[in-house]
Amino acid sequence: MHGPLYSFFMHFWSMASTAEAWLRLPGAAAGVLTVYLVHRWLARLGGGSAALPGALFVALSPFHLYYSQEVRFYSFLALFCVASLMAFERYLREPSTPSGLRLGLALALACLSHLSALFLAAALALHLLFTGRLRGAHLRAGAAAAALLLILVSPWIYREIVYIRSIRVVDISALPVEERLRGELTLSPWSYPYLLYAFSVGYSFGPSLRELHVVPAREAIAAHAGAIALAAAVFGPLAVAGLVRSARRGLLGYFLAVFIVAVASVTAAAMLNVKVFNVRYLIPAFPFYTALLAFGLPARRPLRWIATAAVAAVMLAGVFKYHGDPAYAREDVRSAAAIVERVGLPGDLVVVPTVHEVFRHYYEGRGEIRVIYPADLGREGLDERVAGAFAEHHRIWYVRSRHWDKDPEDLLPAALSAHGKLAHTWEFPGVLLMLYEK
């Protein structure tokens, strides 16, 4: 359902090689280029005093690094969103058909990376409307931008309509929990403060993503109260000061338009059961949060250096935890696949409920891979399925990862234990590999 640009690019890129470093290179390069474009955008927006620290914060951001490492489209989204902001500044200063077409092309590339960039396009249009610029040369150039954007994105809007027709678009309060896209995780009051927290320190400072899925929010906050308080003390005052100074520069409406439209759109999608509320869908607003931090730095040099160093230190702590602490590491499906490949026997069955696509990518063994969704089958249906599996196979591997999505009650280990015995377990970051014998 997502925009085709990244997949289209990677189709040709992967013809040269499918080595992991090669496949990750475009996303990483887009993340690096985003740092440079943020510097240029902030230089145009607020002068050199904000540009360098703003670029530094993006370069060190655990949030930005997290998505720049993925073989996914989010770093392309960030790159073309910032390119759109630069084109928008040019359009404001020099409204003409060429500047409008450049703006439309940049927004189209962002939307074709991920359709959440439509939130940015809507916010920019809203800002123009409320500032009274939609007339004369700005109106003509803006119409050219809108026309080009619509032409380039319209085929994928149709694809999005096809996707939406495949799900129940209804007020989420009218749906039982089990029929929502992610059950109780679809939307939470904690989503909004967590948005700012993730923009500040990513997912590796304080509660981890896995912890937030299995531990109630209040318990997670209590367990990491010190880290959360430190992040609030470092980033909170800068964000507030940035709001004040952006208002003095006449930029507050611009910044708030993007934040409000993006957050309201993602909330509406979650409330209608179209998508879950996820921080990554708000990447179009991330450059504006970075700008607030840069604008909020004290003017006096010693204090400015201290504040910059404090932000950098907290961000680097998150980066080091992400790479060095297994609690914050990515799910290591690759190591689990290597164990099954090395220890597995002909005729083994491998059950992978949630990360089967990743497992298939790394696994080169001969065992059969089967996808079972315990939450959909229920206890009785799952028990029958496992009994049938043991009738066909002497050994069954279970790759338990992100169990909260397809097996929140851990029904599968219970069913496997009822028909077999647990012979061995291996544990990796985010993955528990279990081997059951008949």
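Please express the shape of the range 329-438 as an equivalent ellipsoid: the semi-axes are the square roots of 5 times the eigenvalues of the C-alpha gyration tensor, given largest first in whole angstrom. Don't skip to the end; give the middle numbers.
On the way: eigenvalues 76, 55, 28 Å².
Equivalent ellipsoid semi-axes, largest first: 20, 17, 12 Å.
Could you order peptides 306-313, 288-295, 117-124 by the average number of other Cβ atoms within 10 Å of their residues, highest first?
288-295, 117-124, 306-313
Across the range 80-87, in residue order, what do the Karplus-derived ³J(HN,Hα) couplings come to in whole Hz, using 6.51 cos²θ - 1.76 cosθ + 1.60 with θ = phi - 60° and x for Gly and Pro?
6, 5, 5, 4, 5, 5, 5, 5
Less than 12 Å Cβ to Cβ from residue 389, Lys/Arg counted +1 and Asp/Glu -1: what total charge do the surrounding residues give? Each step should come with its number before you reach the end.
Details: positive: 370, 385, 395, 438; negative: 348, 368, 383, 384, 392.
Local net charge: -1.
Counting only residues 5 or more places away or on other chains, whose amide H sits under 5 Å from the amide H of residue 431 once H atoms are built in the peptide plane?
332
If the cut-off is 24 Å between C-alpha atoms, which lysines fall inside it for residue 275, apart from same-chain ones fewer than 8 positions away?
Once the sequence-local lysines are set aside, what remains near residue 275 is 406.
Using 0.36 nm per residue of separation minus the Cα-Cα distance, give me the extension gain between residue 325 and residue 161 in nm, one decimal.
Full-extension gain reported as 54.9 nm.
Quick check for you: which residues of the range 414-438 have the amide N under 16 Å from the point 7 Å beyond the Cα of residue 209 toward its beta carbon?
429-432
Return the long-range amide H neighbours of residue 275 (sequence gap of 5 or more, or a different chain), with a cut-off of under 5 Å between placed amide H atoms.
270
If contacts are Cα pairs under 8 angstrom and at least 6 residues apart, what is the relative contact order of the chain in percent?
Reported as a whole number, the value is 15 percent.
Any chance you could get the radius of gyration and Dmax over the Cα atoms of the range 278-324, in Å?
When restricted to the Cα atoms of the range 278-324, Rg and Dmax are 13.3, 38 Å.
Taking θ as phi - 60°, what are the ³J(HN,Hα) couplings along the range 286-303 by the Karplus curve (6.51, -1.76, 1.60), each to the nearest whole Hz, with x for Gly and Pro?
4, x, 6, 5, 4, 4, 4, 4, 5, 5, x, 5, x, 6, 6, 4, x, 5
Please report the antiparallel percentage of the DSSP beta bridges confined to the chain, to the nearest 5.
On the way: 13 of 19 bridges.
Restricted to the chain, the bridges split so that about 70 percent are antiparallel.
Using Cα-Cα distances under 8 Å and only pairs 6 or more residues apart, what relative contact order does the range 333-437 have, in percent? Working shown, then result.
Values: 178 pairs, mean separation 31.3, N = 105.
Reported as a whole number, the value is 30 percent.
Residues with amide H under 5 Å of residue 348's amide H, sequence separation 5 or more or different chain, H placed in the peptide plane at 1.01 Å from N; which?
368
Two-decimal Rg/Rh of the range 1-152 from alpha-carbon positions, Kirkwood Rh?
Radius of gyration relative to Kirkwood radius: 1.01.
With a Cα-only, solvent-free Debye model of the chain, what are the log10 I(q)/I(0) values at q = 0.09, 0.11, 0.14 Å⁻¹?
Taking Cα atoms of the chain as identical point scatterers yields -0.66, -0.95, -1.40.
Mind listing the phi-derived Karplus ³J(HN,Hα) values for the range 423-431, rounded to whole Hz, using 6.51, -1.76 and 1.60 with θ = phi - 60°, and x for any glycine or proline?
8, 6, 9, 10, 10, 10, x, x, 9
Give me the extension gain from residue 256 to residue 32: residue separation times 0.36 nm, minus the current Cα-Cα distance, reported in nm with one decimal.
Numbers: separation 224, 0.36 × 224 = 80.64 nm, distance 2.63 nm.
Roughly 78.0 nm would be gained on extension.
Can you show me the helix-derived [θ] at 222 nm for the chain, built from DSSP H runs with n ≥ 4 at -39,500 (n - 2.57) apiece and divided by the number of residues, rounded to the nearest 500.
Only helices count here, giving -21500 deg cm²/dmol.
So if each residue of separation counts as 0.36 nm, and I subtract the Cα-Cα distance between residue 247 and residue 8, what length gain in nm does that give? Before the final figure, lay out the partial values.
Values: separation 239, 0.36 × 239 = 86.04 nm, distance 4.09 nm.
In short, 81.9 nm is gained.
Please list the three semi-axes, largest first and in whole Å, of the ellipsoid equivalent to the range 100-169, using sqrt of 5 times the eigenvalues of its alpha carbon gyration tensor. Don't skip to the end; give the middle numbers.
Values: eigenvalues 129, 36, 18 Å².
Working through the eigenvalues yields semi-axes of 25, 13, 10 Å.
Bear in mind that the values in this text are calculations on the coordinates, not laboratory data. What you see is a predicted model; the values in this text were computed from it and never measured. FYI the Cβ positions are ideal-geometry reconstructions off the backbone, even for glycines, and counts take in every protein chain you see.
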